[in-house]
1. Determine if region A:411-423 includes at least one residue that is more than 14 Å from chain B (Cβ to nearest Cβ) and more than 21 Å from the chain's Cα centre (by Cα).
2. Identify all residues within region B:173-202 that are out of contact with any helix residue (DSSP H, G or I) (no Cβ under 8 Å at 6 or more places or on another chain) and over 25 Å from residue B:126 (Cβ atoms); write none if there are none.
3. Quick one: would you say residue B:49 is on the phi > 0 side of the Ramachandran plot, crowded, with 22+ Cβ neighbours inside 10 Å and in contact (Cβ under 8 Å) with a residue 60 or more places away in the chain?
4. If you check residue A:395 against the conditions, is it away from every other protein chain (no Cβ under 14 Å), out of contact with any helix residue (DSSP H, G or I) (no Cβ under 6 Å at 6 or more places or on another chain) and modelled with pLDDT of 80 or more?
5. Yes or no: residue A:307 away from chain B (no Cβ under 14 Å), at pLDDT below 85 and exposed (fewer than 14 other Cβ atoms within 10 Å of the Cβ)?
6. Considering A:302, A:332, A:314, which residue is modelled with pLDDT of 80 or more, surrounded by fewer than 18 Cβ atoms within 10 Å (Cβ to Cβ), within 14 Å of chain B (Cβ to nearest Cβ) and closer than 30 Å to residue B:143 by Cα?
7. Please work out if residue A:543 is at pLDDT 85 or above, over 27 Å from the mean Cα position of the chain (by Cα) and surrounded by 13 or more Cβ atoms within 10 Å (Cβ to Cβ).
8. Output the qualifying pairs, or none if there are none: Cβ atoms under 8 angstrom, residues six or more apart or on different chains, first residue in region A:304-324 and more than 17 Å from residue A:336 (Cα to Cα), second residue in a loop (DSSP other than H, G, I, E, B).
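The values are calculated or read from the model by the stated rules, or taken from the named source; none is laboratory data. Everything numeric here is computed off the predicted structure, so don't read it as measured data. Ideal geometry is used to build each Cβ from the backbone, glycine not excepted, and the neighbour counts take in all protein chains shown.
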């Protein structure tokens, strides 16, 4: 480790320490809410995994098999998640960060920049890893009655090299991608083609040899042959799973000695260490070459001219209700959203996956389940769709007002009421939410062959859910506005964002419970939930308008 | 009529405005009148309170005490009337990167409820003036800092404001654009537009301003034309030398 690299590590450590110290400046109530939120979310995840394992353990003969297979599948999913998140973080840190040009002005080597950014990418991805892996592993360990003192250490020694290996591979993938495809548009097109290919693979998925169709465990066991890839001996996720299984002596189906567990640990460690050799080589040659190529590409390409908005503008010119300023905002928001692939590609991925799943419900044979299970799947699908909608609402709708804050020189000085901006955001957010959610909820019910009356009941209620979620996002977005940032991720990570997450999830939990109970007294439940949702949507809006009126830019 | 403006009122009228950020007093009571058609420049060291004062005039900050009247309208009591009269360009203006210059002009014109024909006519003229007509359909994200600055100035001028407030307006502009923008401001002032800007480039203040205000530690320590200031402080020096002496004197006064 060179002196400069140590200096860079020290700098990063100081920024992390200062970030934690700045937490002290927040009010006690704010800190308490944040801690409570993280603890509650962690406990909620743990409870979900724990009770799911307990449920499957009781579903003989397929349930217990599913639990062990889930361990392989979970680690595989973790590996993919870590790989992707490291690749994305590394791309942002290595090519888009303003810090790289700053460091390049100083006598810092490319390899030093590469490894400090790799460390950053690992730091970012390991947080999300901790948040998901700890509740899962704790629930798994408790379900299998593994010794409490030994088990956390075992997980730690296996998961550290696992995270490092995934980070190294993700970072290398990002560098290779930029080297091969220096243009952002070509990278996006390649990603979309890859996603399309994966979607086609999923559509072809059908259960094989489903022996018992009366239970979820029975149906799910039909998919085991399709997830056998997670046990592929070449996969690091498979080494972690086999190693932990062997060393905790819990595998009952095949003999795995203690030596086998140590073998998998050493395999993982040696691969993680070996990963630094190609990384060093890429850091010295490929990274600088790809960095300059990407920069040149941005300069060489012709500026994109907008030629297709004339008709769109004419439509807006012909409307004058409710007001010209509000319509100007609507027009501007639609244009800026449509021109930012980074924004709508996330929507396509989120809702596209749901669409694929719902279209494929018949292939998955969920419609042959008994009425109780079918309704349960419908409710889970519906609440799942709302959870995805909630994430859309938090990522796109909540930061909308804050993002306008940096343009206060336009909107703060314009002769218009603050409520106009707020109501425009609410209108836009609600219409897009309705358009995205209701067809999906209807499709899910239709593919599961749920009675039409119940599908219409659930879809109709969905309209009110959209109003409530958007109202909460817009209202709290105004109340906890962040005028200093232009970065949605930074805006949503504040106190207001945490409050929004808690309120969204609590509201959706109540909606889920009412949907499960709604086989009786549908009329009363519908009216109660519709009225409550309208209130939940409009009260934050009122608070938001009040906050905007008193705001200073 | 409620909020009706008197024609002969000063365009900007500040009465004892103060601004506190917690315990820190950023602006400590400023009284000032600026006449219609006047070019007024605010100069002062970093952190002197220039931006806070300009933002209070633009209605982006609420004074802790005192009143701001624009064209006779109280900015807090009649914000809509006051805002219709003015435009404000901050020192680091953010802009909608995914809009083209033409679309940004359309957007701002509509915020001021301008007729689409007027937006077309005046917007095209401004784009031509700022040499942006050949890139009017290119996204702003593609532009250099200077080009962005030109787009921002064009958008701010679209509704033909009576009061134009600018915080460090020349930063990032090339010498040719600076020259034509200075001429443009002078011409607009002759037509009756009041121009109020802050700058660290004292030669620009000397060249353009009818009156100069020197602000330090939240106080307006000197106001007048360059010749007024030279007479008052019995100095034959240029603005830069006078500015340095006044600020040093204020430093001694504050330390005492």
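1. yes
2. Answer for region B:173-202, where residues must be out of contact with any helix residue (DSSP H, G or I) (no Cβ under 8 Å at 6 or more places or on another chain) and over 25 Å from residue B:126 (Cβ atoms): just B:200.
3. For residue B:49, the condition - on the phi > 0 side of the Ramachandran plot, crowded, with 22+ Cβ neighbours inside 10 Å and in contact (Cβ under 8 Å) with a residue 60 or more places away in the chain - is met.
4. Here the answer is yes, as residue A:395 does meet what is asked.
5. no
6. Matching residue, one of A:302, A:332, A:314: A:314.
7. Yes, satisfied.
8. Pairs that qualify, where the first residue is more than 17 Å from residue A:336 (Cα to Cα) and the partner is in a loop (DSSP other than H, G, I, E, B), are A:323/A:416; A:323/B:113; A:324/B:113.
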